[in-house]
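A short write-up of the structure that comes next.
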Amino acid sequence: MFNLEFFFTILVCIQVLHSIEELSAGFHKKFPLFKMSFKTFLAFEAFFQGFFLFVLFQKSLPSREMLMHVFALLMFANGLWHIVWLGIVKKYVPGVITAPLHLITFLVFYFTVLV
């Protein structure tokens, strides 16, 4: 039951919520590396979410397992980045409410499946 696909599904669901938080909180205007338009950020999020939803539902996809592992690592890094960003600016940053869910889920995955 608790396998890569189980945790991948949870991480994809968390990422949908995370994207909604970022989109509604103006992440596109506050990201410290570069600013972008809402349409550009929305397009990125739609493509990113669409790709990993495709991976979720296409069970026979070549390299599916590797893509699920990569996504899990990306979500861990994403969650960690939001916590660090919060520590730097010391105020709410878009995505920080849902970011810990990525960290917790990844750590549970790591210690129940990978170790």
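Remarks
- Where a residue in the range 52-69 is more than 14 Å from Gln15 (Cβ to Cβ) and touching a residue at least 12 places away in the same chain (Cβ under 8 Å) and its partner, wherever it lies, is among the aliphatic types (A, V, I, L, M) and open to solvent by less than 80 Å² (accessible area, probe 1.4 Å), with Cβ under 9 Å and at least six apart: Glu65/Leu4; His69/Leu4
- In the range 1-44, the qualifying residues are those that are β-branched (Val, Ile, Thr) and farther than 25 Å from Tyr110 by Cα, and the one that is farthest from the chain's Cα centre (by Cα) is Thr40.
- Matching entry among Ser60, Ser24 (being at pLDDT 95 or above, open to solvent by 80 Å² or more (accessible area, probe 1.4 Å) and not in a helix (DSSP H, G or I)): Ser60
- Test: residue in the range 72-87 that is modelled with pLDDT of 95 or more, outside any helix (DSSP H, G or I), surrounded by 12 or more Cβ atoms within 10 Å (Cβ to Cβ) and touching a Phe, Trp or Tyr at 6+ places or on another chain (Cβ under 6 Å): no
- Subset of the range 27-47 (residues that are touching a residue at least 24 places away in the same chain (Cβ under 8 Å) and surrounded by fewer than 15 Cβ atoms within 10 Å (Cβ to Cβ)): Pro32
- Enumeration of residues in the range 100-115 that are within 12 Å of Leu73 (Cβ to Cβ) and either more than 16 Å from the chain's Cα centre (by Cα) or open to solvent by 70 Å² or more (accessible area, probe 1.4 Å) (or both): Tyr110, Leu114
- Yes/no for Thr98 being modelled with pLDDT under 95 and among the hydroxyl-bearing types (Ser, Thr, Tyr): no
- Of the residues making up the range 27-57, those that are among the polar types (S, T, N, Q) and in a helix (DSSP H, G or I) are Thr40, Gln49.
- Residue check, Val93 in contact with a Leu (Cβ under 9 Å, 6 or more places away or on another chain), of a type in the set (A, V, I, L, M, F, W, C), over 17 Å from Thr9 (Cα atoms) and surrounded by 11 or more Cβ atoms within 10 Å (Cβ to Cβ): yes
- Contact map, the range 1-21: first residue farther than 19 Å from Phe47 by Cα and open to solvent by 60 Å² or more (accessible area, probe 1.4 Å), second residue hydroxyl-bearing (Ser, Thr, Tyr) and at pLDDT below 95, Cβ cut-off under 8 Å, separation 6 or more or different chains; pairs are Phe2/Thr112.
The values are calculated or read from the model by the stated rules, or taken from the named source; none is laboratory data. None of these values were measured; they are calculated from a predicted model. Reconstructed Cβ throughout: ideal geometry from the backbone, glycine too, with neighbour counts over all protein chains shown. Ligands, DNA and RNA are excluded from the accessible area calculation, which covers all protein heavy atoms including side chains. Shrake-Rupley method; radii C 1.70, N 1.55, O 1.52, S 1.80 Å.
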